[in-house]
Every structure is written in C-alpha cells, then in structure tokens.
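Written below as structure tokens is the structure these notes are about.
Read-outs throughout are calculated quantities, based only on the coordinates presented, and are distinct from any laboratory measurement. Note that this is a predicted model, so its numbers are computed, not measured. Here the Cβ positions follow ideal geometry from the backbone for every residue, glycine too, while neighbour counts run over all protein chains shown.
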Amino acid sequence: MECNIFSNALQPCLTRINIKGFDKFHGNNSGWNHKRIGGISRRVFCSPISLEEEFSAIKAKNFSNDEDALARPLTSEELKALRADSERSKLIKKLSEANQQNRFLKRQLQLKEDALVNFKSDLAVMELQIQALVSLAREIANYSIPNGSRKIKGKYIQSHLLSQLEAVEEKIKEQIKDVGVAQSQEVPLFWCDVAESVQVMGSFDGWSHGEHLSPEYTGSHTIFSTTLMLRPGRYEIKFLVDGEWRLSPEYPTVGEGEMQNNLLIVE
C-alpha cells in the first residue's frame, strides 16, 4: 500500500513518502488520518494503488473509448456533414481559383487599355501631320501645272499626291474612331431608395463580382452611386439591395419574370 503524507506546516510544498508497516497511523485500507510527529501535524492519505497506475488506467480507458468511436459506423447526419464539408472545400477552392483568374484578367485588361490610350495619342499626332500635308498638296495642286509634268493613272502627280494623302487621312480618322469604340469609358450608375447596402451585378463582368455603390446623404434621402469602366455596348444589370434582387425604375428593362433585368446602353 502506498501512503501520501502532506505537511500542513510546509504547504504549499507537498512531501510524498512511502510508509510500510507504520502502525502509529490509524486507518483501514484508505482514508485520511492525523498524527503529530515532532510538534508538526501531518495528514496521511492512503490509496490502494499508485498515481502512475491510476494514470495508466485512465489513459487505457480513453484509448478504448477512441477505438470504440472509430469502430462505430457513422450516422446519416454525420455522413451528410462530411459530404457538406467536402463540397464546401471544393467550392472554396474553385472560388479562390476564379478570383485569381479574375484578378489576372483585370490586370491584362488594364494593360490593353493603357496600350489603346497610347495608340490613340499616336494616331492623333499622325492625323495632324497628315492634315498639314494635305493642305500643302492642295496648294500645290492649285498652281499651274508645269509643262512636261508626269501623270499617274491619268492624273498629274500633284493631283495624285493630293488624292493619296486624302485617302490616308480618312483611314487615320477611321482608326481613331475604332480605338474610341474599343476604349472603355466612365459610366455612372445610381440607386435612389432607402437601403443599407447596394450592389450592382451584371453581364459587364459575367455576373461574378459586381460593384458596390457608395451612399451619398442629401438630407431628405440617400443616393447610392458608383462608376463603371465599360466599352460601348448593351449590358444587362440588376441591383442587390440589402440582400434582395431589385430592379431600378431609372433604367429600361428586358426579359420577364425572374429573368427580367435592367438594360444599360453605353454609346
């Protein structure tokens, strides 16, 4: 039998000793007893097993419970929870990949937009230069044609030069127009109604992320607004107001029922 002796005078430091055959302490197999030894009151607790053996028994019991839990078949609710966790993990992974791809495409689109702006500037400079050359060619063509001047396709070279420069000028104007069509422009959007949060979704980004509208307090009511960078074309949009899909009376509509959306036309 192993006994633990705790000294009241020496607490919180606890002394543990083994006592075998100490007949001055009274008690049966286990229990608390007091005896004064050398003027110090001591308290004795006797246990039939050691702490190490007790800890081993508890550990073995817990391990047995774990084995029983592993051996037990899963319930339908547990299986549903596992499937839901698996599907949630797959969706989170796909959403993360889609967000990364979306950010990459946005960066590429911004690079293209910058290139278009630079190209449009270069075309504008070329247009001014061609206009100056056309003016000179017209002036030369109005002069009297010298004797012996050469002809190209039935025209004197002065008139031929003027027609060629005018054709180049028209092509540059068309290219500038095409660049203007391909270039994105600022398009304001707004929502006029009582709300806490407003988001616009639409075909401008494949109904993926949308754009949040910022509130502007005017005193009597609140206007939510934002600005989109869009190329000329037709876009279907819809407003997500406080978590509910809403149509704005400020924009025309297309479709019917749940497929009805606002129509946004960018000239």
At 7 Å along the Cα-to-beta-carbon direction for both K94 and Y217, put a label point, then send me their distance in nm to one decimal. 4.2
Can you give the FRET efficiency to the nearest 0.05 for S135 and I176, using r as the Cβ-Cβ distance and R₀ = 22 Å? 0.70
Could you run the Karplus curve 6.51 cos²θ - 1.76 cosθ + 1.60 with θ = phi - 60° over the stretch 198-214 and give me ³J(HN,Hα) per residue in whole Hz, x for Gly and Pro? 9, 9, 9, 10, x, 6, 5, 10, x, 6, 9, 10, x, 9, 7, 9, 9
Paramagnetic reach from K112 (point 7 Å along Cα→Cβ, amide N under 15 Å) across the stretch 147-182: 179-182
